[in-house]
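Coordinate-derived values only; no laboratory data. Keep in mind it's a predicted model, so treat the numbers as computed, not measured. In this analysis, Cβ positions are derived from the backbone assuming ideal geometry, glycine residues included, and neighbour counts consider all displayed protein chains.
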Amino acid sequence: MKKLYILFLLPIAATAQPAIDLVYPPEGHRLPAVASSFIYGSVTPGSVLSANGRRVEVEPNGAFMAQIPFDEGDFVIKLEAANEKGKSVLERKVSVARARTLIPTGMSKILSGSISPNRPLSLGPGERLYVSFKGTPGLKASFRVGTGHGRVMAEQPSAVDRDEKLDAFDTDGAPQAQMLPGIYVGSTSFPQDGSWLNEKIYCCLIDSLGNEYLDSTGPIISSWPTEEQTVAVITDSFAVLKTWPDLGYEIFPPSGIKVVVNGEDGEYYRIRLSGDKEAWIKKSSLRILEPGQTLAPAKVALARVEQKASRAEIRITLSRPVIFRIEPGGDGQHLRIWLYGARADMDWIRQPESGYVNNISWSQPQSEAVVLDIALQKPFWGYRAEYNNNVLILAVRPWPKINPKRPFQNLRIAIDAGHSPDNGAVGPLRTLEKDVNWQTAQRLGQKLRTLGAQVYYTREGDEAVGIYQRPRRAVQWQADILVSIHHNASPDGAHPLEHSGFSTYYYHPHSRMLAASVHQEFRRRLRLPDHGFFYGNLVLCREPYMPSFLVEPAFIIVPKQEALIRSEWFQDRVAQAIVAGMKRFLTEGKIEPMEEIPLEASESP
Ligand SMILES: [Zn+2]
């Protein structure tokens, strides 16, 4: 049978022209404003390949990656492959965004659509409104809101908007900020009489001959009504409080908590936490309650400490749930809880005479913020706070008892194989990230089990599990460690052929040592470039109940690394490194400074 097949197949293979599979970018892909970016895919092994006329190196397995120049607007990637059987051509149409540059020289005008803000904005009396637009450099500019007074604007060169991800992905260090001229900035304050109602912003540019160029937004600016409180309830269990619309994630509030809203900016509402501490939340995460609702400060009445077998529980009773934030102390032995919109009424704190919690003290540093300081006997392993009705329960876990000879004995380790149902990144040979994540996760799990650990997978095989569900499953299972396994890809405009390799990510300070220890083992064992050790705002790293970290052992989109990732040898190496890093963390609890580890040769084995 076998022979027959070969006889039957060979003539077909012999007459076939080279096949070309351009995996990335896909047809119709829109790239940001980049001058060059990467493409990858595969061809019939042994073919000679060019991309837009430039020769591209093809791996023995047929995979290729190239960095090619792109032009603005519609762009065609033309691949030509040839072997002794013939030639094939593949054309892929994509588009590239126009660079956010300024007006061509010699023209005087305000760049259309450049006035900011250009979204509904409503703030209270006396608050500052910042206005900017882009226009011809070197002229005079002003703006006004509705029929109000004109305000002079000044030209303030500003750093070019750059995709910050690229700064993290291209490891040369932050590039020199390129400063753009022609950005005009001004400000005024919201009127005390609350008189702005759906006003437009008008901007004016005047050239040296006195010619005026005008542009305006639609009606967007209003004064936030302040006589009554606007009360809302958080309805989204994955709500995020941000430092500014679309900027940093700061607090992850539970749903069901009532808050006072006092401003809006585009898709966001502003909520007041205490004093001048405020935060921004997506409008879709809230429901505004009917007018007339009020929200007086909550009372923080009573705290008690209960010593359980594996943790201490600090129970704080409030008159209603409020937004809280937990700050771990730098020594790992202190926790500070901020309770916003609350006043202390703490005459009693029931404390155990002895136990894991040494002391709890309180203060009221702001008129509507209560702070509880919790001193622990020994460094904590993890913590987690949750409301049970109006009682905030903070569970704090001390380090588990570890036998230095068998450090993994009975340790509960949750392994998260990234992605599924989505594929994650796709390699040049169409290797799916979710598959190699799962293969590597299983190898790690097998090793840990032979060392005595209990292993739990946040997903089994092709099971579809949402990203927020995963850390939750690890908590429900009472995991001691959570590790998430991924394989990396680069954003458009990056240079993966020059910048790639392994990287490790953590979020909480108490996870840093574990993550760093694993990262060091990658350095020792993977023989790939060190792509970096990162603080990362990642869902899989944000659960504070156990030390957690995420690894990207290699770039699945880089042909040589994709070949490695698919190999048993490499998957085994990665699992070994993670086990060794965990072991060092468990037995030594500390690691030597990262600088002391010599870098190995950075080529593939
Ligand atoms: Zn991934």
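Data overview
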{"item": "Net charge dipole size for the chain [Lys, Arg +1 and Asp, Glu -1 on Cβ; Debye, nearest 20]", "result": "1680"}
{"item": "Residue exposure sequence - TYR340, TYR468 - by fewest surrounding Cβ within 10 Å", "result": "TYR468, TYR340"}
{"item": "Qualifying GluC sites (Glu not before Pro) in segment 434-522, DSSP loop, other Cβ atoms within 10 Å at most 16", "result": "GLU460, GLU463, GLU498"}
{"item": "Theoretical gain in end-to-end length, SER116 to ASP347 [0.36 nm per residue, Cα-Cα removed]", "result": "78.1 nm"}
{"item": "Segments 499-506, 417-424, 24-31 sorted - mean Cβ within 10 Å per residue, highest first", "result": "499-506, 417-424, 24-31"}
{"item": "Rounded FRET efficiency, nearest 0.05, which uses the C-beta distance separating ASP74 from LEU289 and R0 of 60 Å", "result": "0.75"}
{"item": "Ranking of SER216, SER114, SER484 by count of other Cβ atoms within 10 Å, fewest first", "result": "SER216, SER114, SER484"}
{"item": "Cleavage-rule hits (trypsin sites (Lys or Arg not before Pro)) in segment 238-347: DSSP loop, at most 14 neighbouring Cβ within 10 angstrom", "result": "LYS308"}
{"item": "Whole-number percent relative contact order across the chain, with pairs defined as alpha carbons under 8 Å at least 6 apart", "result": "10"}
{"item": "Inter-site label distance for ALA35 and GLN377 at 7 Å from Cα along Cβ, in nm", "result": "6.3"}
{"item": "Within-12-Å neighbourhood charge of TYR505 [Cβ basis; K, R +1; D, E -1]", "result": "+1"}
{"item": "Separation of the GLN409 and THR587 label points, Cα + 7 Å toward Cβ, nm", "result": "1.4"}
{"item": "Neighbour-count ranking [beta-carbon atoms within 10 angstrom, fewest first] of ASP492, ASP572, ASP193", "result": "ASP193, ASP572, ASP492"}
{"item": "Förster radius 25 Å - calculated FRET efficiency between ASN390 and ILE467, Cβ distance, rounded to 0.05", "result": "0.25"}
{"item": "Within-9-Å neighbourhood charge of PRO428 [Cβ basis; K, R +1; D, E -1]", "result": "-2"}
{"item": "Trypsin sites (Lys or Arg not before Pro) restricted to segment 382-488 and DSSP loop, no more than 14 other C-beta within 10 Å", "result": "LYS401, LYS405, ARG430"}
{"item": "Computed label-point distance, nm, for sites SER255 and SER361 using a 7 Å Cα→Cβ extension", "result": "4.0"}
{"item": "Theoretical ellipticity at 222 nm over the chain - DSSP helices of four or more residues, -39500 (n - 2.57) apiece, nearest 500", "result": "-5000 deg cm²/dmol"}
